[in-house]
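> Quick one: the structure is below, and I'll ask about it shortly.
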Amino acid sequence: MTQDHRALALLLFSAFVAVTLAITTWAGRNRRGSAEEFYAGGRLFSPMENGFAIAGDYMSAASFLGISGLIALYGYDGMLYSVGFLVAWLVVLFLVAELVRNCGRFTLADVVAARMRERPVRIAVGTSSVTVSVLYLVAQMVGAGTLVALLLGGDGGAAQAWTVIGVGALMVIYVSFGGMRATTWIQIVKSVLLLGGTIALKVLVLLRFHGDIDRLLLSAAGHSGHGQAFLAPGLRYGGDWTSRFDFISLGLALVLGTAGLPHILSRFYTVPTARAARRSVVWAIGLIGGFYLMTIVLGFGAAAIVGTAEVRASNAAGNTAVPLLALDLGGGADSTGGAVLFAVVAAVAFATILAVVAGITLASSASVAHDLYASLRRRRGKARSEVTVARLAAVGIGVVAIGLGLLARDLNVAFLVGLAFAVAASANLPVLLYSLFWRDFTTRGAVWSVYGGLVPAMVLVALSPVVSGGPQSLFPGVDFQYFPLDNPGIVSIPLGFVAGWLGTVTSPEAPDEAKHAETEVRSLTGAGAV
Amino acid sequence: MEVPDAAPPAAADVYLEVQRSAAFQEVRSRYRRFVLPAAAGFLSWYFAYVVTATTAPDLMARPVAGAVNVAMLAGLGQFLTTFLLTWAYTRHARLRRDRAALELRWDTQELTRGTKGGVA
């Protein structure tokens, strides 16, 4: 990478930061204080705007760079990710979006706490929401650091550390000054940039092959070094049974995790009605589906044009496949076109990371202030305004994420994202579905279901090969690996459901019929919705 | 923060009454009759796809036409069914559920207005 590439990429990136800061200033003016404003952006976004913002929250750099990279390296097996990420939206659309919009106010815990004893439920759901958000946040920060080191050719350490700190500082500024309104507009701008960049690259790839997908695939298979096997599953997950089960576990986490991600759930509160929430999910499914279809073309395009061996030589995890593809499509490393396209891709990837971390920080600061602080503070203590607490929480979460991001620098980004999904599916989804659909669900069931999913998920990860016992582990020197899979989903998700059921049937208290009636009527009709 | 367990507020009776009403039962059963089979369907189709891809790669590698094999068709089929189900769900909700739900919403809010614990 030459100096020109770097200068241009930095220029574009600074322009994006300037635009987002302008949005934050604009959104923050004269709108001090109200919780509706801070957490839900005034609830008056249109379904289309919210659909773009949801897509912006969801399409992380891990998908843009990571999935196309996996396809460039392993062919078909990379595609399996995008299918899971998309099908997950049907769970959200069918079972969650409208009902959550109707019964909640700001957070996931609102929905559950409405029919249970409030304090224990809020503490449990608040804790698991913050855990999921922090895991997801760390994944994005690590991604940002890696990206800078890769794209701007920094010599690793220092550039990476400063990027993590810079990203952390920016996300705290966006969230604590701009709240949901600024965060939503940043997501929308980022979505448009990301989709625009992806469409441009896709068109260039297809032009190179004269619109002939068949030739693209055959050429990708030819340049991959694997031949026809490149176009069928098995290159990455086809080895022993452990890796097959690992993939099934990941597949389960991907499809069930989305509906438990706090920053996705909080997006439904930014529109006025359940019907608008439904229409925003439809927009999101269209945008996300189109985006993943295009990343498949980019991945195979990178294999065909750049070559799998070249991609692997640049970055073993494949994260640089799309930037390398852009360089080639623009006319090669020494051409202006190549430099411009490369810089655009780098800037789009930065924009993506910044927007995603802002969304997650907002959701977790809402969980801290609205669920944890409101339940844990001393009754007679002076009550601070909840929004003030949320702003402070954003700063605290920023500091924690920067710290963990620096510590976890060498962990695989895709693994961290998969882990966040697994925890969301184990701890958040069972309690949410039980609350919405099960008449006999009780407070004990709710609390058990959250901890019964959260604790096994975290413990199994601690005992997995990711943490110890292998050459690529976090602590390669020691061996306390007792669980063979990287992803805990296949065990911890069923445990979350079983624990919720067990807690409910062993519960001494009878389920509250009136509260259940209220939840059911409100969730399906929207009566009393804010 | 906690709601006192003393005499149940009148709003609770309203919600119980609405829940038992025929109109609400109809909305609920229309929703569930669509959502539950459809969710079971797409989840089974997705898991069948994931399990087949990981356990029977030979079947998935069988060529169909040109470079396209069974695996490609199955993957694109997942995209297609997702888009189709999205369309079917919104159509069902718009035509069979929205109007009745909205009427119930106004009726319920009318009934809870002024009751203790009700939403104004």
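Every number in this text was worked out from the coordinates using simple rules, so none of it is lab data. Note that the coordinates shown come from a computational prediction; the quantities given were computed from them, not determined experimentally. Note that each Cβ is placed from the backbone with ideal geometry, even for glycine, and that neighbours are counted across all protein chains shown.
> Could you compute the FRET efficiency for B:A88 and A:V400, with r as their C-beta to C-beta distance and R0 at 41 Å, rounded to 0.05? Numbers along the way, then the final one.
On the way: r = 43 Å, r/R0 = 1.05.
Efficiency at R0 = 41 Å is approximately 0.45.
> Of the GluC sites (Glu not before Pro) in the range A:470-530, which ones lie in a loop per DSSP and count no more than 11 other C-beta atoms within 10 Å?
On the way: sites: A:E509, A:E513, A:E518, A:E520; in loops: A:E509.
Those satisfying the criteria are A:E509.
> Once you keep just the Cα pairs under 8 angstrom separated by 6 or more residues, what percentage relative contact order results for the range B:15-112?
Numbers: 38 pairs, mean separation 37.9, N = 98.
Worked out over the range B:15-112, it gives 39 percent.
> Could you tell me the ratio Rg/Rh of the protein assembly as shown? Both radii from Cα atoms, Rh via Kirkwood.
Details: Rg = 24.4 Å, Rh = 25.2 Å.
With Rh from the inverse mean 1/r over Cα pairs, Rg/Rh is 0.97.
> On to the next question. Neighbouring Cβ atoms within 10 Å as the yardstick, rank A:Y434, A:Y373 fewest first.
Values: A:Y434 23, A:Y373 19.
Neighbour counts put them in this order, fewest first: A:Y373, A:Y434.
> Could you state the angle between the C-alpha long axis of helix A:3-28 and the longest principal axis of the C-alpha atoms of chain A, as a value from 0 to 90 degrees rounded to the nearest 10?
Taking the Cα atoms of chain A, the angle to A:3-28 is about 20 degrees.
> Karplus couplings for the range A:101-115 from phi (6.51 cos²θ - 1.76 cosθ + 1.60, θ = phi - 60°), rounded to Hz, Gly and Pro as x?
Rounded to whole hertz, the list is 4, 6, 9, x, 10, 10, 10, 4, 4, 4, 5, 6, 5, 4, 10.
> With a 10 Å Cβ neighbour count serving as the proxy for reagent exposure, in which order, fewest first, do A:V130, A:V413 appear? Write down the numbers at each step before the final one.
Values: A:V130 22, A:V413 25.
Lowest count first: A:V130, A:V413.
> May I pose another question? If you wrap a convex hull around the alpha carbons of the range B:68-117, what volume per residue comes out, as a whole number of Å³?
On the way: hull volume 3.9 nm³, N = 50.
Dividing the Cα hull volume of the range B:68-117 by its residues yields 77 Å³.
> Let me ask something else. Evaluate peptide A:324-337: per residue, the Cβ atoms of other protein chains within 10 Å of its Cβ; return the mean as an integer. Intermediate results must be reported in sequence, preceding the final value.
Details: counts 0, 0, 0, 0, 0, 0, 0, 0, 0, 0, 0, 0, 0, 0.
That average works out to 0.
> Between A:L474 and A:W241, take the C-beta separation as r, use R0 = 30 Å, and let me know the FRET efficiency to the nearest 0.05.
Values: r = 24 Å, r/R0 = 0.81.
Using R0 = 30 Å, I get an efficiency of 0.80.
> Tell me, what HN-Hα J-couplings in whole Hz come from the Karplus equation 6.51 cos²θ - 1.76 cosθ + 1.60 at θ = phi - 60° for each residue of the range A:213-230, using x for Gly and Pro?
Coupling constants for the range A:213-230: 4, 4, 5, 4, 5, 5, 5, 4, 4, x, 7, 7, x, 10, x, 4, 4, 5 Hz.
> Still on this structure, please answer the following. Using unit Cβ charges (K, R positive; D, E negative) and no other charged atoms, how large, in debye to the nearest 20, is the dipole of the range A:330-459 about its Cα centre?
Working: 10 positive and 5 negative charges, 194 e Å.
Here the size comes out at about 940 debye.
> Provide the per-residue ³J(HN,Hα) series for the range B:80-87, in order, calculated from phi with Karplus coefficients 6.51, -1.76, 1.60 and θ = phi - 60°, each as a whole number of Hz, with x at glycine and proline positions.
Once rounded to whole Hz, the list reads 5, 5, 4, 5, 5, 5, 4, 5.
> Hey, another quick one. For chain A, what does the relative contact order come out to in percent, with C-alpha contacts under 8 Å and a separation of six or more?
Relative contact order for chain A comes out at 29 percent.
> Here's something else I'd like to know. Residue by residue through A:73-82, how many Cβ atoms from other chains fall within 10 Å of the Cβ on average? Mind showing how you got there, number by number?
Numbers: counts 0, 0, 1, 8, 4, 0, 6, 7, 0, 3.
What the average comes to for A:73-82 is 3.
> Could you work out how much longer the chain between A:A200 and A:V530 gets when fully extended? Use 0.36 nm per residue separation minus the Cα distance between them, nm to one decimal.
Numbers: separation 330, 0.36 × 330 = 118.80 nm, distance 4.10 nm.
The span from A:A200 to A:V530 would gain 114.7 nm if fully extended.
> Another one. What are the residues whose amide H is under 5 Å from the amide H of A:Q481, where those residues sit 5 or more places off or on another chain and H is modelled from the backbone?
Excluding prolines and chain starts, which carry no amide H, there are no hits.
> Take every residue in peptide B:76-87, count the Cβ atoms of other chains within 10 Å of its Cβ, and give the average of those counts. Each step should come with its number before you reach the end.
Details: counts 4, 1, 8, 9, 1, 2, 10, 6, 0, 6, 11, 2.
Counting Cβ atoms of other protein chains within 10 Å of each residue's Cβ and averaging gives 5.
> Relative to the Cα centre, what is the charge dipole magnitude of the range A:223-285, using +1 at the beta carbon of each Lys and Arg, -1 at the beta carbon of each Asp and Glu, and rounding to the nearest 20 debye? List each step's numbers first, then the result.
Details: 6 positive and 2 negative charges, 88 e Å.
About 420 debye.
> How big is the Rg/Rh ratio for the range A:180-260, C-alpha atoms only, Rh by Kirkwood, two decimals? The partial results should precede the final answer.
Details: Rg = 18.6 Å, Rh = 16.4 Å.
Ratio of gyration radius to Kirkwood radius: 1.13.
> Using Cβ contacts closer than 10 Å as the measure, can you line up A:H370, A:H210 from fewest to most? Write out the running numbers ahead of the final one.
Working: A:H370 25, A:H210 8.
Fewest-to-most ranking of A:H370, A:H210: A:H210, A:H370.
> Is there a quick way to get the dipole size of the range B:15-112? I mean about its Cα centre, with the Cβ of Lys and Arg at +1 and of Asp and Glu at -1; what is the value in debye to the nearest 20? Please report the intermediate quantities before stating the final value.
Details: 12 positive and 7 negative charges, 36 e Å.
Value, rounded to 20: 180 debye.
> Follow-up. Would you kindly state how much longer the chain becomes between B:R113 and B:S29 on full extension, computed as 0.36 nm times their sequence separation minus their alpha carbon distance, in nm to one decimal?
On the way: separation 84, 0.36 × 84 = 30.24 nm, distance 2.67 nm.
Once the chain is fully extended between B:R113 and B:S29, it gains 27.6 nm.
> Can I ask one more? What is the range A:1-86 by shape, rounded, prolate or oblate, if you read a ≥ b ≥ c off the alpha carbon gyration tensor as root eigenvalues and call it rounded for a/c under 1.5, prolate for a/b larger than b/c, and oblate otherwise?
On the way: a/c = 4.02, a/b = 1.39, b/c = 2.88.
Oblate, since a/c reaches 1.5 and b/c is not below a/b.
> Shifting gears a bit: Long-range amide H contacts for B:N69: which residues qualify at under 5 Å (H placed 1.01 Å from N, peptide plane, sequence gap of 5 or more or a different chain)?
Residues meeting the amide H criterion: B:V64.
> Based solely on its DSSP helices, what 222 nm [θ] is calculated for the protein assembly as shown when runs of n ≥ 4 H residues each add -39,500 (n - 2.57) and the sum is averaged over all residues, nearest 500 deg cm²/dmol? Don't skip to the end; give the middle numbers.
Numbers: 28 runs with 456 residues, N = 650.
Estimated from H runs of four or more residues: -23500 deg cm²/dmol.
> Which value, in nm² and rounded to one decimal, describes the direction-averaged projected area of the C-alpha convex hull of the range B:18-117?
Details: hull surface 37.2 nm².
The orientation-averaged projected area of the Cα hull of the range B:18-117 comes to 9.3 nm².
> For the Cα atoms of chain A, what angle does the longest principal axis make with the long axis of helix A:336-366, in degrees from 0 to 90, nearest 10?
10 degrees
> Can you give the FRET efficiency for A:L10 and A:L376, using 1/(1 + (r/R0)^6), R0 = 56 Å, r = Cβ-Cβ distance, to the nearest 0.05? Before the final figure, lay out each step's value.
Details: r = 43 Å, r/R0 = 0.77.
Once the sixth-power term is evaluated, E becomes 0.80.
> If you line up the long axis of helix A:179-208 against the longest principal axis of chain A, both from Cα atoms, how many degrees apart are they, to the nearest 10?
Relative to chain A, helix A:179-208 is tipped by roughly 30 degrees.
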